[in-house]
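The values are calculated or read from the model by the stated rules, or taken from the named source; none is laboratory data. Note that this is a predicted model, so its numbers are computed, not measured. Cβ placement follows ideal geometry from the backbone for every residue including glycine, while neighbour counts extend to all protein chains displayed.
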Amino acid sequence: MRVFVEGVGLLGPGLNGWQASRPLLAGDAAYVELPTVVTASDLLPAAERRRTGLAVKLALAAGCAAFVHAGRDAATTATVFTSSSGDGENLHQICATLASPEREISPTRFHNSVHNAPAGYWSIATRSHEPSTSLCCHDASFAAGLLDAAAQIAVDGKPVALIAYDQPYPEPLHTVRPLSASFGMSLVMAPQATGHAFATLDISFMPGNASATRMPDAGLDAVRARVPAARCLPLLAALARGVAADVVLAYGEDNHLRVAIAPC
Amino acid sequence: MQPLAISHFSIVNSLGAGAGSVASALRARRSGLAACDFETVVLDTWIGQVAGLDGFRVRSDLGAYDCRNNRLAQLGLEADGYAAAVSAAREKYGAGRIGVFMGTSTSGILQTELAYRRRDPQSGALPADYHYAQTQNTFSLADFVQRYLGLTGPAFVVSSACSSSAKVFGHAARMMAAGVCDAAVVGGVDSLCLTTLYGFNSLGLTSHAPCRPYDRERDGISIGEGAGFALLEKTPAQPADGAVLLLGVGESCDAYHMSTPHPEGLGAKLAMQHALDAAGLAPADIDYINLHGTATKANDASEDKAVYELFGAATPVSSTKGSTGHLLGAAGITEAIIAMLAIEQGLLPGGMHTQNLDPALHCNYLLDNRDACVRRVLSNSFGFGGSNCSLVLGVGG
C-alpha cells in the first residue's frame, strides 16, 4: 500500500518538534535525552484544556504540528489514533479512588478515561466530523496504527492523519509497565502526490518474525525500545535523511511491517 | 462497499449463552436486568450480569489472561460453535490470513481495580499475580482471542467507547479490501467493573430502575456485560439464500462534547447516511432499526431527531438495551447480532420496560414484538467522545 507523506509532528524526550529533531534523527547532530516538553495545544479552548491530562495534550500537539507542516485542513481529514497506554495518570487516580472507602470518581475523570479521549477532544477542537478511530496493540500499537491508516487510505482513497502517543504510568503501574518518556508523533498522509508531499511509504504486512530496524544512536534506540509510540523512530529517521530506505517494524511475535521510504 | 458474508456468529450476555437463548428471551420478552449486586458495589441501579463468571477460568494454557473480560470472551468463543467455525476457516485460509479485530471499552480493568486493593502496605507495589499486559492493557482482548483461536494474522483492539465493536466491522472490511487478510474474526467484549458503574453514576446517567428507552420518564442506562463474535468472509458470486451480509458501515464524529451527544443528532445522521451510501441503499430499503437507545434523556432525544429526519415515522425502530442493558464496548456487535436474529427469525423485538412513550420523540418505536419479513436492518452505536458508527446488514439478492 503506497501513501504520500505530507506532514510530520513529533514530541519526544530531547525531540522538540520535527524540524528541530531532523538533524538528530539523521545523525547529523548529537542526541541528548531530555524530558519531553509537552506544550499545551492552543487548539482547545481554555476550559477544555484545563480538563485534559498530559496524554491528550501530547496527542493534540503532535497532531496539530503535522497538519501545520502538511498545510492540510484537519476538519476534513479522517484520523487514526493509537496508543499502548492511553492516559495512565487518569487510570491510576481512578483505581486509587475505587480502592478507597470513598468511591466517588469525578465525571471529568471518567469521561477522560476512555481510550478515545484524545480523538474526542481532537474532533471538538478541529470541528471534524470525519471518521476517527482509536487503536491499541500493546507494543505494536504504532505498527497497527500505520497499517490501519494505510489500508484506509488505499481503500477509501482519502487522506488520513495517524497520531501515536504514549505517556508513562505513575507508580505502582510504572513498575509493571515501564515506559520511559512521553512521546507523541503524527503523520499526515494522502493517497496521491500533492504539492506538500515529500516522501512515499510503501507499507507491506509480512508474516513471520523479523528483526526490527534499530536506531544507530544508542540513546535514540533506547527511547525506541522503551516507548511503544517511539517504534516509529527508524521511519522518521529515514524521512529526516531524505533518502530511500527500508524499515522493518515488529508487529507482535508473528508478523512485521516492511516500510519502503522514498523521497518524492 | 463490497458486501461481506457473515458466515458465523456467537453471542453471550445476561439473556443467556448462545443465539438460541438470546432469541428465545427476546421472543418471550424476558429481560436480563436485575438490581445491582455486583462485587462490592453499593449503587441504586440495575445491571445485566452474565451468570457464572466468578467460578469460571480461562483455558489453562492462557492462565495469565484470566480476568472477567477474557472469561467472558472465552464463553463467547465457546458459544454457538464459533471456535469450531473459525477452526474450519483456519484450515481454508491459513492461520496468518485471518485478522482479529476486537472492540472493548474497559478491557480487564476490573483486575487492576482489585489489584489496587491489594497493594503492598509498605511499598505500594501491585501484587505479584497481577498480569498487566494480559489483562489491563486494552489489547489484551484481541491477544487472548487470537491465541485462543490459534490465529496469527493482523490483530488490534478498537477502543472508541460504545461504538468500539461496531467500528471493528469497518476495520475488517478495509483490511480485507486491502488484501491484508482474507477473512476476519470481529467482535467485542465488555464486562462489569467499578469504573463504569461508579463513573456513569458520577455523571448522573445510571437509572434507578431497569432502563426505559424512549419513555417519557426515562432516567438513564442500565450497565450490562456481554460478548459477541462474527466471522467475516468474502461474498461468493452467488450468496446462499438467506445468508446474512454486511452491506454498509458508516462512521462519523459529533465534534460537540465528550459525554453528551450532539443535540440535533448531527453525527448520528452522518453515520447512518454514510452506512446507507456504502450499502447503496435508500432509507426506505431498511425494514428495522436497532437504535443505540441508551435511555438517557440526551441520547434518545438526539438519536430520535437524526433517525426521524432520515427515515421518517414509518420505519419500525427499537432499543434492545431494556433486555440486555448497555454493553458499552460490546454493544455494537451484540446489537448487530440481534439485528441478524431479527432477519433470520422474522422478529422485530419490541423495546422493554417502556411504559409511556415520550411524546417529544417521533420515530415508530416498537413496544411489543412484531413478526415481519425483515430483509435489511440498520444498527446504531454511539459513544463518548462523539464517536458514531452505523451498520447495515441484510440478506443477499
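Counted as qualifying within the range B:223-326 are no helices (runs of 4 or more DSSP H), as none has 2 or more residues that are at positive phi and within 14 Å of another protein chain (Cβ to nearest Cβ). Looking only at residues of the range B:41-73 that are touching a residue at least 12 places away in the same chain (Cβ under 8 Å) and of a type in the set (Ser, Thr, Tyr), we find that the one that is surrounded by the most Cβ atoms within 10 Å (Cβ to Cβ) is B:Tyr65. Looking only at residues in the range A:81-99 that are more than 8 Å from every other protein chain (Cβ to nearest Cβ) and in a helix (DSSP H, G or I), the one that is nearest to the chain's Cα centre (by Cα) is A:Gly88.
Quick grid of which residues meet (1) more than 7 Å from every other protein chain (Cβ to nearest Cβ); (2) closer than 16 Å to B:Asn70 by Cβ:
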position: B:Arg119; (1), (2): no, no
position: B:Pro127; (1), (2): yes, no
position: B:Phe139; (1), (2): no, yes
position: B:Phe144; (1), (2): yes, yes
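Checking each residue in the range B:51-65 for being touching a helix residue (DSSP H, G or I) at 6+ places or on another chain (Cβ under 6 Å) and closer than 17 Å to B:Ala34 by Cα picks out only B:Leu53.
Can you say whether A:Arg49 is within 9 Å of chain B (Cβ to nearest Cβ), of a type in the set (Lys, Arg), closer than 18 Å to B:Gly385 by Cβ and part of a helix (DSSP H, G or I), as far as the supplied structure shows? Spelling it out, it is not the case that A:Arg49 is within 9 Å of chain B (Cβ to nearest Cβ), of a type in the set (Lys, Arg), closer than 18 Å to B:Gly385 by Cβ and part of a helix (DSSP H, G or I).
Among the residues of the range B:28-39, those that are touching a residue at least 60 places away in the same chain (Cβ under 8 Å) and farther than 19 Å from B:Thr354 by Cβ comprise B:Cys36, B:Phe38, B:Glu39. Among the residues in the range B:195-217, are any crowded, with 21+ Cβ neighbours inside 10 Å, aliphatic (A, V, I, L, M), within 29 Å of A:Pro107 (Cβ to Cβ) and touching a helix residue (DSSP H, G or I) at 6+ places or on another chain (Cβ under 8 Å)? No, because not a single residue in the range B:195-217 is crowded, with 21+ Cβ neighbours inside 10 Å, aliphatic (A, V, I, L, M), within 29 Å of A:Pro107 (Cβ to Cβ) and touching a helix residue (DSSP H, G or I) at 6+ places or on another chain (Cβ under 8 Å).
When the range A:122-157 is filtered for residues that are more than 7 Å from chain B (Cβ to nearest Cβ), of a type outside the set (A, V, I, L, M, F, W, C) and assigned to a helix (DSSP H, G or I), the ones remaining, listed by number, are A:Thr126, A:Asp139, A:Ser141, A:Gly145, A:Asp156. Residue check: A:Glu102 meets all listed conditions (1) part of a helix (DSSP H, G or I); (2) more than 7 Å from chain B (Cβ to nearest Cβ) but one, namely (1).
Among the helices (runs of 4 or more DSSP H) contained in the range B:1-94, which hold 1 or more residues that are closer than 16 Å to B:Leu141 by Cα and under 16 Å from the mean Cα position of the chain (by Cα)? Please lay out each step first, then the result.
On the way: elements: B:19-28, B:68-78, B:82-93.
Hits in the range B:1-94: B:68-78.
Those residues that are among the β-branched types (Val, Ile, Thr), more than 14 Å from every other protein chain (Cβ to nearest Cβ) and over 19 Å from A:Ser182 (Cβ atoms), I need them from the range A:1-33; list them, please. The answer is A:Val5, and nothing else.
Criterion applied to B:Met175, B:Met102 was being within 7 Å of another protein chain (Cβ to nearest Cβ) and buried (at least 24 other Cβ atoms within 10 Å of the Cβ), and the one residue passing it is B:Met175. Please verify whether the range B:330-347 includes one or more residues that are in a loop (DSSP other than H, G, I, E, B) and touching a residue at least 40 places away in the same chain (Cβ under 8 Å). No.
For the range A:171-184, the tally of residues that are farther than 16 Å from A:Lys57 by Cβ and either more than 8 Å from chain B (Cβ to nearest Cβ) or modelled with pLDDT under 95 (or both) stands at 4.
If the condition is being of a type in the set (Val, Ile, Thr) and within 7 Å of another protein chain (Cβ to nearest Cβ), then the range B:178-203 contributes B:Val180, B:Thr195.
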